[in-house]
Structure formats: C-alpha cells, structure tokens
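The values are calculated or read from the model by the stated rules, or taken from the named source; none is laboratory data. Since this is a predicted model, take the numbers as computed values, not measurements. Note that we place each Cβ from the backbone using ideal geometry, even for glycine, and neighbour counts take in every protein chain shown. For accessibility, only protein heavy atoms count, side chains too; no ligands or nucleic acids. Shrake-Rupley method; radii C 1.70, N 1.55, O 1.52, S 1.80 Å.
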Amino acid sequence: MQIYLPIAEVSVNAFLLLGLGGMVGILSGMFGVGGGFLMTPLLFFIGIPPAVAVATEANQIVASSFSGVLAHLRRKTVDLKMGTVLLTGGLIGAALGVVIFNYLKSQGQVDLLVRLCYVVFLGVIGSLMFIESLNAIRKSRTNSGPPKRKKHNWVHGLPLKMRFRVSGLYISVIPPLMVGVLVGILSAIMGVGGGFIMVPAMIYLLGMPTKVVVGTSLFQIIFVTGFTTLLHATTNYTVDIALAVLLLVGGVIGAQIGTRLGTYLKAEQLRILLALLVILVCAKLALDLLLEPSELFSIGAAGGH
C-alpha cells in the first residue's frame, strides 16, 4: 500500500515504514538504545531525503523516550538536577546544530554532511563496541570480575562544582554542560537522541552510577529532541508527520517484542550483535558515498546546488 509523504515528496509503501519502525523498535527493546542512529540511515536507503529523515526521526525519539522516562521516574532512577544541567547544554547545542544545518542546507551540502557524520560516528562507535564486547566475552570465560570504574579523574579537579545527590557526585558542571552541547549538536544534524554517546560519557567521564544513567539520559533526550523537532519544523519545514506516525506505531509494537527477545541473550552477546549491525549500516553508507550513483544529476529544492 503506497502512501504519499507530503514533506518528503515521495511515495513509500506504508507496510515498509511500519516494518522499519518495528525492526528498530525490536532493537530498542533488546539493546536499550533509542534507535535513531540506525533508523535515520535506513530512511536514506528507501529514498527519504536526509533533511526530512533527520527532522522526522528526532520527532519519533521524543515519544519513545517519554515512555522510558516514566518507568525510570517510578523507580526513582532519574537525577533531575544532573538532567537539567545536561539539558541546558543540550538546548544550546541543538540551537547551534540547527544554525549549522540551515547554513549547509542553503549551500546544498546538508545531505553530504549528514551522511559523512553517520559514516564517521557509526564506524567509530561500532568498532569500539565490537572490541569492548569481545573483551567482555573473553573475561567472562576466564571468570575475571568486571572492571571497576575510577572514582576520581581530571573531571574532579575542575571549578564550579555542584552536588548531585541522586548520583552521589560532587563535580564541576562544565563537563556535563559540554556533553550536553555535543549531544544537542548531534541531535540537530544527525536526527539522533545522542544516547549512544551520552551514556558512555556519563558512566566513564562523569562517574555516574549505571542505575541512574539511562533514566537521566532519556530525561535530557526528550527535551533536546523535542526542541530540535520544533526548530526544524518552524525553520526548515522538514518534519513529515505522516512518516513519523507510521514509524512510531511500528516502533511501539517492536519495542514490546524486543524487550522479550532480549531476555534470551546475554548482555555481551547483545552488544556484539548491535556492534555488527552498526558496522554493517556504516559500510553501506560509505559504499553509497564512494560508488558512482545510477543518476548523476538530481533536481534539488530552490536555493540548493
């Protein structure tokens, strides 16, 4: 069943979009990731313009993250004070990212930038996850204990310290602000929640306890991606509601399935499967950039080149 997407200006099979949403929802349920860093490249592959894919996927992340935060709030595993500091940096970063996005769009270079960002980030993160997962599997076979987090590092020597009681930390607000700014920029340019960067940064850089990291990350992601969606919708007009609704319906159903499937695999096995998937998507994007396209010329929007 073909459905016309008015903002993307393409016709796509509705069941294909539901299937993509469901597949990424399953991955979200299995691996505990938002899925934006996988969904956005998949939308590129089926012909959705990168500018529309980025803005619309940010919209979907808001809804999927909201349900996750509610569950964490009930468990009292959200550090609202830390989340507010991260959010402040995230809003600044999102505004900067949209300015960069608009400039590159006016120059006709936004599609190339988005694809290059995905190749670099997916390649680096997929490789690091793969290596870390292999090490974890090797250690689990030798029955050695998990590595201990360092309680003190250079972050603790910075000024402007603040006490975060839920996380049990007394650290400078500068590193959380910087992490927030980076994630905000990525959210605006790449259409991701940024959890795949924020979660490791919160654990290894800020030294936050793992139990409060996910909920606090989701709390920040809701507002940053919501703000990003609003900016894209009002300045670029690139949010396609029809596309967002179909992806969201599929994602909600898929997340329920993925949560159940995740109970049958060990954490190390899940991480290595996710790492392989990320590397495959990165390789496909890199090939698309390197190989000669079937059509050397395409008709662009007004103002593009």
Treat each spin label as a single point 7 Å out from the Cα along the C-beta direction, and report the VAL245 to ARG260 distance in nm. 2.8
Mean Cβ-within-10 Å packing, highest first, puts peptides 124-137, 242-255 in the order 242-255, 124-137
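Efficiency by 1/(1 + (r/R0)^6): what FRET value for LEU289 and SER11, r their Cβ-Cβ distance, R0 = 35 Å, to the nearest 0.05?
Numbers: r = 25 Å, r/R0 = 0.73.
E(calc), rounded to 0.05, equals 0.85.
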Give the ranking of ARG260, ARG138 by solvent-accessible surface, highest area first, calculated with a 1.4 Å probe. ARG260, ARG138
Name the long-range amide H neighbours of VAL10: under 5 Å, sequence gap of 5 or more, or other chain; modelled H, no Pro or chain starts. LEU5
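Pairs LYS105/LYS284; LYS81/LYS211; LYS139/LYS211; LYS211/LYS284: which are spaced more than 25 Å apart, C-alpha to C-alpha? Walk me through the intermediate numbers first.
Working: LYS105/LYS284 23 Å; LYS81/LYS211 16 Å; LYS139/LYS211 22 Å; LYS211/LYS284 35 Å.
Checking Cα-Cα distances, LYS211/LYS284 exceed 25 Å.
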At 1.4 Å probe size, with no ligands or nucleic acids counted, give the accessible surface of PHE219 in Å², nearest ten. 30
Under 5 Å between amide hydrogens, which residues at least 5 positions from SER172 or on another chain qualify, with H placed 1.01 Å from N in the peptide plane? LEU158, MET162
Could you tally the net charge around GLN220, taking each other residue with its Cβ under 14 Å from the Cβ of GLN220, Lys/Arg +1 and Asp/Glu -1? 0
Segment 203-217 and segment 83-139 have their Cα centres apart by a whole-number Å value of 19
Sorted list, accessible surface of protein heavy atoms, 1.4 Å probe, largest first, for MET162, MET39 is MET162, MET39
Förster-model FRET efficiency, 30 Å R0, ILE253 and THR84, C-beta, rounded to 0.05: 0.35
Please list 220-233, 13-26 highest first by mean number of surrounding beta-carbon atoms within 10 Å per residue. 220-233, 13-26
